[in-house]
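Colleague: Here it is: the structure, laid out below.
No value in this document is a laboratory result; all are computed from the given coordinates. Fair warning: this is a prediction, and the values are worked out from it, not measured in the lab. Note that each Cβ is placed from the backbone with ideal geometry, even for glycine, and that neighbours are counted across all protein chains shown.
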Amino acid sequence: TDTSVRSVTCQASPNIALIKYWGKRNEELILPDNDSLSITLDLTDMHSYTTVSTSPSMACDTFYFEGVLQTKLSSRMQKVLGEVRRRAKDMQNQFVEIRSQNTFPASSGLASSASAYASLAIALTKLFNLDNPDATAAYLARIGSGSAIRSVYGGFVRWSSEGECLSSCLFPMEHWPDLRLIILIFNPSKKPVSSTDAMQRTRETSTLFSARLATVNDKIEKLIEAIRIKDFNTFAKIVMMDSSQFHAVCMDTYPPVIYLNEQSKHLIDLVHAYNKTDENGAMKVAYTFDAGPNPFCFIREEHTEEFLRLLKYIYPTVDNNVHKHVANSDAKLPSINV
Ligand code: PMV
């Protein structure tokens, strides 16, 4: 056995954007057109694990996904390794083995690329003892998969579009202990247009896009304040409006990029109708959709059971895929039969 094998395992979780990243001003370095803000899920059973190993006896880079040897490394992965080789003097002539695993299914509606690249970036940074570890891990995650940079941190995370385009944690998840997340899976299949292609097309054709860019930072500042004081009404309104604006920009792209489906639109109406039922006119639920039809619904603990009952009644045929996110670190993720 080769005793000189060095190995590091790291984990990271998926994140959900509250203010969407859409548009790259630099394709190669994945520098975003706008700041974005997300929540990194704090779930015990929703992680990506990546183990990176290196030893002088390795003859090439290898990649195992869910235990299965892949024929080649993706170009994004090669880009990440290229950057590590540039930074790590002792890696010049050494190869690595990457083993990546998710504790949640690809069909869960959550992009696993963010957690996968974040865990890979952190693991490589540790294995090769790279300088300035936080910024380096963020950089590596970003060039792997843009939004993965936000999964390098837990809690509420902002990804800046300025300077070095780093991410930072604004509040830990425990900051808002009664905030919950319900994920409905209307369609688990892969998106029809990749976010990379769609973003490019938006930049080339959408006139609404520049209007969006002009308003994003103001929305982010207002959202941060709403999170700081746990003002769910303001939080809900900003989150829903940003989701809709992002999808409007996609629709304004030519040819249009349509991620929402009939069920998504139905859910939007349902949430607004449900929000009207509060005696004091307060918001109960907020939806947001990434580049897909599956809604992420933010809700406070006090309304969770009631809303889940409503969902079961309205969507009896939706698979038993409704996930309830509890923001405590010891929380489980029950599968609820609807
Ligand atoms: O990082 P990508 O290329 O998967 O793009 C993600 C884009 C959205 O999910 C739609 C928004 C976001 O900020 O995560």
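Colleague: So if we plug the beta-carbon distance of Ser74 and Asn187 into 1/(1 + (r/R0)^6) with R0 = 30 Å, what FRET efficiency do we get, rounded to 0.05?
Modeller: With a Förster radius of 30 Å, E is 0.80.
Colleague: Counting other beta carbons within 10 Å of each Cβ, put Ser36, Ser113 in order, fewest first.
Modeller: Numbers: Ser36 26, Ser113 19.
Least to most surrounded, the residues fall as Ser113, Ser36.
Colleague: Between Gln200 and Ala214, what length comes free when the chain is fully extended (0.36 nm per residue of separation minus the Cα-Cα distance, one decimal in nm)?
Modeller: 3.2 nm
Colleague: Turning to a different aspect of this structure: Take every Cα pair under 8 Å in region 175-260 that's 6+ residues apart, average their separations, divide by the length, and report that relative contact order as a whole percent.
Modeller: Answer for region 175-260 is 39 percent.
Colleague: Between Ala135 and Ile229, what length in nm is gained on full extension when 0.36 nm per residue of separation is reduced by their alpha carbon distance? Don't skip to the end; give the middle numbers.
Modeller: Numbers: separation 94, 0.36 × 94 = 33.84 nm, distance 2.88 nm.
Between Ala135 and Ile229, full extension yields an extra 31.0 nm.
Colleague: What percent does the relative contact order of the chain come to when contacts are Cα pairs within less than 8 Å and at least six residues apart?
Modeller: 21 percent
Colleague: Over the Cα atoms of region 1-76, what radius of gyration and what Dmax do you get, in Å?
Modeller: 17.2, 50
Colleague: Output the pairs from Lys126/Lys191; Lys237/Lys312; Lys24/Lys89; Lys230/Lys276; Lys20/Lys191 with a Cα-Cα distance over 27 Å in this structure; if there are none, say none.
Modeller: Values: Lys126/Lys191 33 Å; Lys237/Lys312 24 Å; Lys24/Lys89 30 Å; Lys230/Lys276 20 Å; Lys20/Lys191 17 Å.
Over 27 Å apart, Cα to Cα: Lys126/Lys191; Lys24/Lys89.
Colleague: Rounded to the nearest 500, what is the 222 nm mean residue ellipticity of the chain from helices alone, with -39500 (n - 2.57) per DSSP H run of 4+ residues and division by all residues?
Modeller: Computed mean residue ellipticity for the chain: -11500 deg cm²/dmol.
Colleague: Counting other beta carbons within 10 Å of each Cβ, put Cys60, Cys165 in order, fewest first.
Modeller: Cys60, Cys165
Colleague: If you don't mind, there's one more thing I want to ask. If you consider only alpha-carbon coordinates, what radius of gyration and Dmax does region 6-173 have, in Å?
Modeller: Every Cα atom of region 6-173 included, Rg and Dmax give 15.1, 46 Å.
Colleague: Follow-up question, since we're still on this one. What share of the DSSP beta bridges in the chain is antiparallel, in percent to the nearest 5? Can you show the working numbers first?
Modeller: Values: 46 of 50 bridges.
Just about 90 percent of them are antiparallel.
Colleague: Here is a further query. Using only Cα atoms and rounding to the nearest 10 degrees, what angle (0 to 90) does helix 262-275 make with the longest principal axis of the chain?
Modeller: 60 degrees
Colleague: Turning to a different aspect of this structure: Region 138-183: D in µm²/s via Stokes-Einstein (Kirkwood Rh, Cα pairs, 10 °C, 1.306 mPa s)?
Modeller: The Stokes-Einstein estimate is 138 µm²/s.
Colleague: Another question, then. How much length, in nm to one decimal, is gained on full extension between Thr62 and Glu302, taken as 0.36 nm per residue of separation minus their Cα-Cα distance?
Modeller: Extending this stretch completely gives an extra 81.6 nm.
Colleague: Please arrange Val152, Val8, Val285 by how many other C-beta atoms lie within 10 Å of their C-beta, fewest to most.
Modeller: Val8, Val285, Val152
Colleague: If you don't mind, there's one more thing I want to ask. How big is D, in µm² s⁻¹, for region 176-336 by Stokes-Einstein at 25 °C and 0.890 mPa s if Rh is the Kirkwood radius over C-alpha pairs?
Modeller: This corresponds to a translational diffusion coefficient of 145 µm²/s.
Colleague: Evaluate E = 1/(1 + (r/R0)^6) for Val5 and Lys126, where r is the Cβ-Cβ distance and R0 equals 22 Å; express this FRET efficiency to the nearest 0.05.
Modeller: For Val5 and Lys126, the calculated efficiency is 0.90.
Colleague: For region 6-173, what is the relative contact order in percent, using Cα pairs closer than 8 Å and at least 6 residues apart in sequence?
Modeller: After rounding, I find 30 percent.
Colleague: Simple spin-label model, 7 Å along Cα-to-Cβ: Lys312 to Glu221 in nm?
Modeller: Distance between label points: 4.5 nm.
Colleague: Binning every alpha carbon pair distance of the chain at 20 Å from zero, what are the percents per bin?
Modeller: P(r) for the chain, in whole percents per bin: 31, 57, 12, 0.
Colleague: Give me the distance in nm between label points sitting 7 Å out from Cα along the Cα-to-Cβ direction at Arg85 and Asp269, one decimal.
Modeller: 5.6 nm
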